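Below is one structure, written out as structure tokens; the observations come after it.
The values are calculated or read from the model by the stated rules, or taken from the named source; none is laboratory data. Just so you know, these numbers come straight off a predicted model, no measurement behind them. Backbone-built Cβ (ideal geometry, glycine too); neighbour counts: all protein chains shown. Surface areas here come from the heavy atoms of the whole protein model, side chains and all, with no ligands, DNA or RNA. Shrake-Rupley method; radii C 1.70, N 1.55, O 1.52, S 1.80 Å.
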Amino acid sequence: MLDLTELVASTLRFAAPLIFAALGGIICERAGVVNIGLEGLMLSGAFFGVLGSYLTGSPWAGLLLAVAAATVLALLHAVMSIRFGADQIISGTAINLIALGGTSYLLVQLYGSPGSSPQVSGFGSTQVPFLKDIPVLGPALFAQSWFLWAAPLCAIAVWWLLNRTVVGLRLRASGEAPKALEAAGVPVLPLRYGAVAASGVLCGVAGAYLSLSLLTAFSENMTAGRGFIALAAVIFGGWNPLRSAAAGLFFGFASALVIRLPQNAIDPQFLNMIPYVATILALVIFGRGVRGPASSGKPYRPGAGSRVTE
């Protein structure tokens with residue numbers, strides 16, 4: 001029999017990194033840059049988060065290093081795709097491969113272990129007095145890591161940024177009509193660089209959550225496809241931060257079922273397929289007819305008012 005409290009708690013724990021990464025993908029694509037490197041950015045954030053905590057003994061230092069590392073890697077994607085007009089899908093794939101190979105190599109070089117790092121200081125749960133004692137939902141909602149509260153707050157903040165601010169209007173124009181934005185006197189490329197850097201920050205937070213809160217250690221390829229599920233949440237949510245956060249909760253629920261359903265009654269290999277099958281079905285059923293930003297994925301040459309062509 002399913003324990004509702006544990007199911008809700010597990011759903012939130014699995015959903016948090018998906019929400020952070022999906023928000024990064026939304027900002028990036030709304031500005032006109034496709035970033036399928038979310039997986040690699042999360043993985044680098046997870047690795048360097050542990051490294052920072054390992055070197056200093058402080059999870060906050062780890063979080064800062066995770067954000068910095070993921071942002072640097074994101075800016076590499078920005079330079080390749082914005083400055084040099086590289087195919088953004090290929091560039092994002094390169095980021096994923098660099099992160100996967102680089103973290104595996106550094107894991108052995110720094111810790112002498114090919115599988116996982118030592119345990120480090122991480123973020124514990126933050127319990128809210130009285131509220132945590134509410135039956136069923138209290139322990140699931142109010143005795144968890146602060147990351148779980150930050151994720152929906154970030155979704156609201158990103159929605160407000162994109163829809164209620166001048167910066168958000170310009171970001172959306174950069175992804176929809178960069179030529180018109182440039183004609184209005186607003187440079188397109190700095191907006192796109194900033195958006196890609198923001199995706200690095202959010203993916204760094206997502207990766208740090210995995211390694212400093214969920215596990216307090218780094219294991220090889222610990223993101224396990226979460227970056228691609230976050231991309232699915234971006235599409236499933238129609239590039240809307242709030243709907244994509246809801247999609248992250250749905251995919252988090254699918255992942256929670258894997259560990260909460262009776263293991264002796266269902267084939268474990270089938271259980272492990274649930275999150276990925278749910279992702280595919282969601283895209284097939286709800287992804288049809290969904291249109292992303294018009295100029296997303298199309299490099300732009302300033303001044304000429306035209307896209308880079310072969």
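Here are the numbers:
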| item | result |
| --- | --- |
| Ranked packing of 15-21, 242-248, most packed first, by mean Cβ within 10 Å | 15-21, 242-248 |
| 5 Å-binned pair-distance histogram of region 95-178 (Cα, whole percent) | 3, 11, 10, 9, 9, 12, 14, 14, 13, 4, 0 |
| Distance in nm between pseudo-label sites at A180 and L242 (7 Å out along the Cβ direction from Cα) | 2.4 nm |
| Average silhouette area of region 152-255, convex hull of alpha-carbon atoms, in square nanometres | 7.4 nm² |
| Protection proxy ranking, peptides 56-63, 68-75, average beta carbon neighbours within 10 Å, highest first | 68-75, 56-63 |
| Cα long-axis angle, helix 188-209 against the chain (0 to 90 degrees, to the nearest 10) | 10 degrees |
| Calculated Rg and Dmax of region 95-137 using C-alpha coordinates, Å | 18.6, 48 |
| Extension gain from L106 to F270, taking 0.36 nm per residue of separation minus the Cα-Cα distance | 55.7 nm |
| Average accessible surface area per residue within the chain, 1.4 Å rolling probe, Å² | 45 Å² |
| The chain - percent of accessible surface contributed by carbon and sulfur, probe 1.4 Å | 69 percent |
| Surface/4 estimate of mean projected area, convex hull on alpha-carbon atoms of the chain, nm² | 17.5 nm² |
| Gain upon complete extension [R301, A157; 0.36 nm per residue less C-alpha separation] | 48.8 nm |
| Cα centre as origin, Lys/Arg/Asp/Glu Cβ charges: the chain dipole, Debye | 900 debye |
| Accessible-area ranking of W239, W149, W160, largest first, probe 1.4 Å | W160, W149, W239 |
| Over the chain: helical MRE at 222 nm, DSSP H runs n ≥ 4 each giving -39500 (n - 2.57), nearest 500 | -22000 deg cm²/dmol |
| Ranked packing of 128-139, 76-87, 217-228, most packed first, by mean Cβ within 10 Å | 217-228, 76-87, 128-139 |
| Helix 241-260 vs. the chain, principal-axis angle (Cα, 0 to 90°, nearest 10) | 30 degrees |
| Which of Y105, Y111, Y276 is most accessible, then next, and so on - probe 1.4 Å | Y105, Y276, Y111 |
| Other-chain or far-sequence residues with amide H under 5 Å of F123's (modelled H) | S213 |
| Tilt relative to the chain, helix 268-286 - C-alpha long axis, 0 to 90 degrees, to 10 | 30 degrees |
